[in-house]
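Engineer: My structure is below; once you've seen it, I'll send some questions.
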Amino acid sequence: MNVETSLALGIDLGTSGVRIAVLNQQGTLIHSSSAEYATGLTAPLDWAEACRDLITHLPAQIRGQLAAVAVDGTSGTLLACREDGTPMGPALSYATAFPEQNSALKRLVPDGCAASSSSGSLARALQLLNHHGHIDRLRHQADWISGWFLQNWQWGEEGNNLKLGWDLEQATWQGCIADQSWSSALPEVKPSGSVLGRIAIDQARNLGVPEDLLVVAGTTDSNAAVLAANPGDNDGITVLGTTLVMKRFTPVPIQGAGITRHRIGQRWLCGGASNAGAGVLRRYFTDAELAELSRQIDPDQDSGLSYQPLPAHGERFPVDDPNLEPVLEPRPVSDALFLHGLLEGLAEIEAKGWERLTELGADPPQRVISLGGGARNPQWRKIRQRRLGLPVVSCNQPPAAGVALLALSRQRQTEYKMNKS
């Protein structure tokens, strides 16, 4: 394959579906498309089918020039599977919490680490173990799809496994996780951006892609969004997707309940994700209704409402409280006023998120870059800007392009090493 014309593929596994992005060697986005899950987030075979559909419908010339692929996914969505990757049942969504596992968590990992929360992946793993008994492999969403390309489910990417108990600094499992009888189900963890292998030949032929396609360890969906935005040192990133995610780069890692810490290059990316987000808005309104009702909102005025727009009971960040209840009443007669109140409630959660990160040691951002579908709503942007007291700008580059940049970077390094040798 001609290196100068080779392409990188990024796959973003979200809450409601999959988006792919293809970048050329200059990092320019040349293709983007998406597909919704047939059943939903908890159906792993839907993840694979959506990926298969999007890749096989790429123009043949693009498919033939793909040199590397990397995958991001919802961090925390976990499934039990057989050694050959066959799911043993539905996955457990990142938004599920299991407070009944609190005592077991305390015996396994230190308080305050990402895996110690009942809304973390370790709690979901314990729940799956209770349900299934013996499990060959516990895999997060992005890791399972990377395994699907390789037809080898041995690996896991470090960022996707923090809430399962992986310690980035020590490069080992925290507490006494590794001593458990089920520890063989854990992945062999690789750094984000490392080469996991080449695509399985049968899979390459099924998808119509080159048999030497590199499969690169990706990252989480929110990290991919950050990479797509290319933020500066003083920027904060808020992802306005189905959930609300706040992250920023820090010189040293910060710790706390509900906090995720990721290492990208030589920098630490720290933040948290609320269960609240645009998913709550879509429960009440279609996209067309959201656009029309938003135009009726005066973002410089308060709605007079005070909502806690959670999709169900339980929150991860800015407070870690599995019992926190939604507050979505009283509902006014005016749909525009109701939406106004919901947007203000989400802006309040975002503000508390930045305050929490600052309390834990992060520098307060001087500007916030917005990503995700909600970033296109100008009224929401003005409401947030007023509540945060900061400039708020939007970035329309999809997260799939961010994870494609990881694939592109690794492919360039691999080609460089091959040419030198």
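Engineer: Scan ALA50, ALA38 and give me the residue that is free of Cβ contacts under 8 Å to residues at least 60 places away in the same chain, of a type in the set (A, V, I, L, M) and surrounded by fewer than 18 Cβ atoms within 10 Å (Cβ to Cβ). Even if it seems obvious, please write down each step before you answer.
Structural biologist: On the way: ALA50 fails: surrounded by fewer than 18 Cβ atoms within 10 Å (Cβ to Cβ).
That would be ALA38, the only listed residue that is free of Cβ contacts under 8 Å to residues at least 60 places away in the same chain, of a type in the set (A, V, I, L, M) and surrounded by fewer than 18 Cβ atoms within 10 Å (Cβ to Cβ).
Engineer: Please identify the pairs in which a residue from region 219-231 that is over 12 Å from ALA142 (Cα atoms) has its Cβ atom under 6 Å from the Cβ atom of a residue that is assigned to a helix (DSSP H, G or I) and open to solvent by 10 Å² or more (accessible area, probe 1.4 Å), counting only partners at least 6 apart or on another chain.
Structural biologist: Cβ pairs passing all conditions: ALA225/PRO399; LEU227/LEU405; ALA228/PRO399.
Engineer: Somewhere in region 172-195, is a residue acidic (Asp, Glu) and under 23 Å from GLY258 (Cβ atoms)? Before the answer, list the steps.
Structural biologist: As a first pass, look at region 172-195 and keep what is acidic (Asp, Glu): 179, 188.
Then drop every residue that is not under 23 Å from GLY258 (Cβ atoms), which leaves none.
No, region 172-195 has no match at all.
Engineer: Still on this model: Taking into account only those residues within region 323-339 that are part of a helix (DSSP H, G or I) and more than 26 Å from the chain's Cα centre (by Cα), which is nearest to PRO309 (Cα to Cα)? Even if it seems obvious, please write down each step before you answer.
Structural biologist: Looking only at region 323-339, we keep the residues that are part of a helix (DSSP H, G or I), and these are 335-339.
The next check asks that each one be more than 26 Å from the chain's Cα centre (by Cα); those that pass are 335-338.
Working: ASP335: 15, ALA336: 16, LEU337: 14, PHE338: 11 Å.
By that ranking, first place goes to PHE338.
Engineer: Okay, moving on. Just to be sure I understand the filter: pairs with C-beta atoms under 8 Å, separated by 6 or more residues or on different chains, first member in region 356-368 and at positive phi, second member surrounded by 14 or more Cβ atoms within 10 Å (Cβ to Cβ) and charged (D, E, K, R). Which pairs pass?
Structural biologist: Correct list of pairs: empty, since none qualify.
Engineer: Same structure again: Quick check, is ARG263 basic (Lys, Arg), under 25 Å from ASN223 (Cβ atoms) and under 22 Å from the mean Cα position of the chain (by Cα)? I'd like the intermediate steps shown before the answer.
Structural biologist: Working: basic (Lys, Arg): yes; under 25 Å from ASN223 (Cβ atoms): yes; under 22 Å from the mean Cα position of the chain (by Cα): yes.
So ARG263 passes the test.
Engineer: Yes or no: GLU188 of a type outside the set (A, V, I, L, M, F, W, C) and at pLDDT 95 or above? Lay out the reasoning, then the answer.
Structural biologist: Details: of a type outside the set (A, V, I, L, M, F, W, C): yes; at pLDDT 95 or above: yes.
Against the criterion (of a type outside the set (A, V, I, L, M, F, W, C) and at pLDDT 95 or above), GLU188 qualifies.
Engineer: Also, quick follow-up: Condition first: of a type in the set (A, V, I, L, M, F, W, C) and over 30 Å from GLN127 (Cβ atoms). Now tell me which residues in region 46-90 satisfy that.
Structural biologist: LEU54, ILE55, LEU58, ALA60, ILE62, LEU66, ALA67, ALA68, VAL69
Engineer: Could I ask something else about it? Tally time: how many residues in region 361-388 are open to solvent by 60 Å² or more (accessible area, probe 1.4 Å), farther than 25 Å from ALA336 by Cβ and out of contact with any strand residue (DSSP E or B) (no Cβ under 6 Å at 6 or more places or on another chain)? Let's see the steps before the verdict.
Structural biologist: So the first thing to find is which residues in region 361-388 are open to solvent by 60 Å² or more (accessible area, probe 1.4 Å), and the list is 363-364, 366-367, 376, 378, 381-382, 385-387.
If we keep only those that are farther than 25 Å from ALA336 by Cβ too, we end up with 363-364, 366-367.
Filter once more, so that each one left must be out of contact with any strand residue (DSSP E or B) (no Cβ under 6 Å at 6 or more places or on another chain): 363-364, 366.
Residues that pass the stated criteria total 3.
Engineer: Could we say that ALA228 is open to solvent by 20 Å² or more (accessible area, probe 1.4 Å), under 24 Å from ALA347 (Cβ atoms), out of contact with any Leu (no Cβ under 6 Å at 6 or more places or on another chain) and not in a loop (DSSP other than H, G, I, E, B) here? Reasoning before the result, please.
Structural biologist: Working: open to solvent by 20 Å² or more (accessible area, probe 1.4 Å): no; under 24 Å from ALA347 (Cβ atoms): yes; out of contact with any Leu (no Cβ under 6 Å at 6 or more places or on another chain): yes; not in a loop (DSSP other than H, G, I, E, B): yes.
Against the criterion (open to solvent by 20 Å² or more (accessible area, probe 1.4 Å), under 24 Å from ALA347 (Cβ atoms), out of contact with any Leu (no Cβ under 6 Å at 6 or more places or on another chain) and not in a loop (DSSP other than H, G, I, E, B)), ALA228 does not qualify.
Engineer: Which of (1) touching a Gly at 6+ places or on another chain (Cβ under 6 Å); (2) β-branched (Val, Ile, Thr); (3) modelled with pLDDT under 90 does VAL403 not meet, given it meets every other one?
Structural biologist: (3)
Engineer: Let me ask something else about it. Using the structure shown, decide if GLN180 is open to solvent by 30 Å² or more (accessible area, probe 1.4 Å), within 24 Å of ALA204 (Cα to Cα) and not small (Gly, Ala, Ser).
Structural biologist: Working: open to solvent by 30 Å² or more (accessible area, probe 1.4 Å): yes; within 24 Å of ALA204 (Cα to Cα): no; not small (Gly, Ala, Ser): yes.
Criteria not met by GLN180.
Engineer: Under 6 Å between Cβ atoms, at least 6 apart or on separate chains: pull out the pairs that start in region 110-132 with a residue that is free of Cβ contacts under 8 Å to residues at least 40 places away in the same chain and end on any residue that is surrounded by fewer than 24 Cβ atoms within 10 Å (Cβ to Cβ) and in a loop (DSSP other than H, G, I, E, B).
Structural biologist: Partner pairs satisfying both residue conditions: ALA123/PHE98; GLN127/PHE98.
Engineer: Tell me, which residue of region 141-195 that is part of a helix (DSSP H, G or I) and of a type in the set (A, V, I, L, M) is nearest to THR77 (Cα to Cα)? Full working, then the answer.
Structural biologist: So the first thing to find is which residues in region 141-195 are part of a helix (DSSP H, G or I), and the list is 141-150, 159-164, 177-179, 183-185.
From what's left, of a type in the set (A, V, I, L, M): 142, 145, 150, 162, 164, 177-178, 185.
Numbers: ALA142: 9, ILE145: 12, LEU150: 20, LEU162: 12, LEU164: 11, ILE177: 19, ALA178: 21, ALA185: 16 Å.
For region 141-195, the residue satisfying everything is ALA142.
The values are calculated or read from the model by the stated rules, or taken from the named source; none is laboratory data. Computed from a prediction, not measured in an experiment: that's the story for all the values here. Every residue, glycine as well, gets a Cβ built from its backbone with ideal geometry; the counts of neighbours run over all protein chains shown. These area figures cover heavy atoms from the full protein model, side chains too; ligands, DNA and RNA do not enter into them. Shrake-Rupley method; radii C 1.70, N 1.55, O 1.52, S 1.80 Å.
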